[in-house]
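Written below as structure tokens is the structure these notes are about.
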Amino acid sequence: MRFLGNIEAKIDVKGRAFLPAIFRKVLQTENEERLVLRKDVFQPCLVLYPESVWNEQMDSMRQRLNRWNKQHQQVFRQFVSEVELLTLDGNGRFLIPKRYQRLAFIEQDIKFVGMGDTIEIWAVQKEEELQMKPEEFSNTLETLMGGEGE
């Protein structure tokens, strides 16, 4: 499953957004009907997981965390309890609950960003603020990916 690209959109007064058609097609191809919405752990954005990707994420996390370790249980609980299960309506819309809008500073203008197996939802102004400058991006990419002999 590969979500690629970024698309600007708006939410309506009820907090509903249309999932971009290009992303809906990916979901349909993979027979995914439900999505899981969560605030990102590191950035002020929301993340949409197709249900199968979310389940893989939970299974992987559960395998790495010990049920009998108090801190591990707290981390797991917090990660999995702060989610909303979503289904698109017949028009391809879904509701972004008010508390998630506040967490991601979303007012009306949003940007969907395909991140491979997930989709991020950003308040347009926040996404622009946090973008690396082109030179910083290229230098960082070179540092991270530019190993010897490649």
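Key figures
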quantity	calculated
By average C-beta atoms within 10 angstrom, highest first, the peptides 69-76, 113-120	113-120, 69-76
Probe 1.4 Å, protein heavy atoms only - accessible area per residue of the chain in square angstrom	67
Spin-label zone in the range 8-39 - amide nitrogen under 15 Å from a point set 7 Å from the Cα of Leu130 along the C-beta vector	38-39
Karplus-derived HN-Hα couplings along the range 77-89 (A = 6.51, B = -1.76, C = 1.60, θ = phi - 60°), whole Hz, x at Gly and Pro	4, 5, 5, 8, 8, 9, 10, 10, 8, 10, 10, 6, 7
Amide H contacts under 5 Å for Lys39, placed H, 5+ residues apart	Val47
Separation in nanometres of the label points that stand 7 Å from Cα toward Cβ, at Gln63 and Leu141	3.1
Residues with amide H under 5 Å from that of Ile110, placed H, sequence gap 5 or more	Ala9, Lys10, Ile11, Val124
Rounded to the nearest 10 Å², the accessible area of Asp40 at probe 1.4 Å	30
Among (i) 28; (ii) 44; (iii) 35, the entry that matches percent of Cα pairs over 23 Å apart as calculated here	(ii)
Accessible area, probe 1.4 Å, largest first, for residues Arg34, Arg64, Arg93	Arg64, Arg34, Arg93
Derived scalar couplings ³J(HN,Hα) [the range 110-127; Karplus, 6.51 cos²θ - 1.76 cosθ + 1.60; whole Hz; x for Gly, Pro]	10, 9, 8, 10, x, 10, x, 9, 9, 10, 8, 10, 10, 5, 3, 5, 5, 4
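The values are calculated or read from the model by the stated rules, or taken from the named source; none is laboratory data. These numbers were taken from a predicted model, which means no experiment stands behind them. Positions of Cβ are generated from backbone atoms using ideal geometry, with glycine treated the same way; all protein chains shown enter the neighbour counts. Just so you know, the surface numbers come from the protein's heavy atoms only, side chains and all, with ligands and any DNA or RNA stripped out. Shrake-Rupley method; radii C 1.70, N 1.55, O 1.52, S 1.80 Å.
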